[in-house]
Amino acid sequence: MAKRQERHETKKTNSAKGAPKKLPKLAKSTKISLSILAVLLALVIAGTVFFFQTYGKEVTAAIDAGEEHAATIQESDFKQHHPTTILDKDGQVIKELKTQERDYLTYDKMDPLVSQALISIEDKRFYEHHGVDTQGLLTVALNAALGRGVRGASTITQQLVKNIYLTPEVSISRKIEEMVMAQALEKKFSKHQILEYYLNNVYFGHGAYGINAAAKVYFGKSINDTSLLEKATLVGITNNPGIFDPTTEKANALKRAKLILEEMNAQGYITKEQYDQAVADDFTAKIHSNALNNQLDNHEVALAVDSATKVLMGQQDFRFQYQFDSKEEEDRYNKEYKTAYNKVYQRILSGGYQISTNIDPALHDQLQGIVSNVMNAW
């Protein structure tokens, strides 16, 4: 009996040894985290499939358009040294437009604080990406998926592409075209060249293209002669020349300038001492009219510039629209049209273009003489 019990105990022990061990139960929080992760993964996969089903053809067309435009990129696109001229029917100059002092500054001649201020607020990973920031790309995709439109942080290179080559249309195709061209731009030019081109071509309001021209328009001096606060103020204007105009919206301009200084300090571009001194500083901005000359003094010249603006908008693939399904659609289009028109119009005024017309100055003078004689009686 004792031997039987001993064999039974031995069998139980051996049976226990051979049994698989039970895994510890997952914590409730871990289960929730894994569930959320699985749901997010499923959403990403579903979103990707939906995106390519919905925008596949549009994406392909945009990539092709971007590559086609990228093939034409050249350095002269960013260096417009001669003013815009308007020619008559015989090719003679009627009007030479010089809307500003366009003092082009190369990267090595510009105070490094200027580009550092720009990078700190607009593109912190500028030296790490190749034209398109992956994090920014994910932001664009998320906003599109959530129905918030095609919004997301653009790199400095993308902004340069948009400023020079594209109209400000907001769409999936335009964003992709912009990204393709930005990557091509980074293959052709160095980071320092891209900063140079951007800072010499971005619009600062009041007819000023380029930060050196803007410094003269707002502060009456070269960019290298401005204070750190004034530099930050000028860089801040690029986000929105209307909202951050230091002459009419000083509070907004000052607030953004201090944000830029804070970022510069946090990212190691300036010391705490430099930061403290700059934020305690102040500035006085006013429009120095001697830096501007953008008066179109006759109707023919004004019409020529207006027509050239619309032609250039078309060349930049702006989609003109004349019929609308709703008042909302018409209002949206009018807003986009005004933004695109003003951007191209100001660029023509700033220089670098030649506008050929059928204007006959002799006939114009003859007609003007007749009008003057008739009006004299009144």
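Observations
- Cβ-based net charge around Lys124, under 10 Å, with every Lys or Arg adding one and every Asp or Glu removing one: -4
- Tensor-based shape of region 218-274 (alpha-carbon gyration tensor, a/c under 1.5 rounded, otherwise prolate or oblate): oblate
- For Leu229, net neighbour charge (Lys/Arg +1, Asp/Glu -1) across residues whose Cβ lies under 11 Å away: -1
- Working note: Karplus 6.51/-1.76/1.60 with θ = phi - 60° gives region 320-332 the couplings 6, 9, 10, 10, 9, 8, 7, 5, 4, 5, 5, 5, 4 Hz, where Gly and Pro are set to x.
- For region 298-308, the Karplus equation 6.51 cos²θ - 1.76 cosθ + 1.60, evaluated at θ = phi - 60°, returns couplings of 8, 5, 5, 5, 4, 5, 4, 5, 4, 5, 4 Hz by residue, with Gly and Pro reported as x.
- Cut-off under 5 Å, modelled amide H: who pairs with Gln354 long-range: Thr85
- Each other residue within a Cβ distance under 12 Å of Val180 adds +1 if Lys or Arg and -1 if Asp or Glu, for a net charge of -3.
- In this structure, the amide hydrogen of Ser154, modeled 1.01 Å from its nitrogen in the peptide plane, lies closer than 5 angstrom to no residue at least 5 positions away or on a different chain.
- Length released on extending from Met375 to Asp103, taking residue separation times 0.36 nm less the Cα-Cα span: 93.5 nm
- The distance between label points at Glu262 and Lys250 comes to 2.2 nm (points 7 Å beyond Cα on the Cα→Cβ vector).
- Rounded accessible area per residue of region 237-378, 1.4 Å, Å²: 65
- Tensor-based shape of region 159-236 (alpha-carbon gyration tensor, a/c under 1.5 rounded, otherwise prolate or oblate): prolate
- Inter-label distance, nm, simple model (7 Å from Cα along the C-beta direction), Ala61/Gln193: 3.3
- Residues with amide H under 5 Å from that of Lys95, placed H, sequence gap 5 or more: Ile86
- Global form of region 294-378, assessed from the alpha-carbon gyration tensor, a/c cut-off 1.5: prolate
- Carbon + sulfur, % of accessible area of region 300-372 - ligands and nucleic acids excluded, 1.4 Å: 53
- Accessible carbon and sulfur surface of region 169-249 relative to its total accessible area, %, 1.4 Å: 49
The values are calculated or read from the model by the stated rules, or taken from the named source; none is laboratory data. The shown structure was predicted, so the numbers you read here are calculated from the model rather than taken from an experiment. Cβ: placed from backbone, ideal geometry, glycine included. Neighbour counts: every protein chain shown. These accessible areas exclude ligands, DNA and RNA; they are computed on the full protein's heavy atoms, side chains included. Shrake-Rupley method; radii C 1.70, N 1.55, O 1.52, S 1.80 Å.
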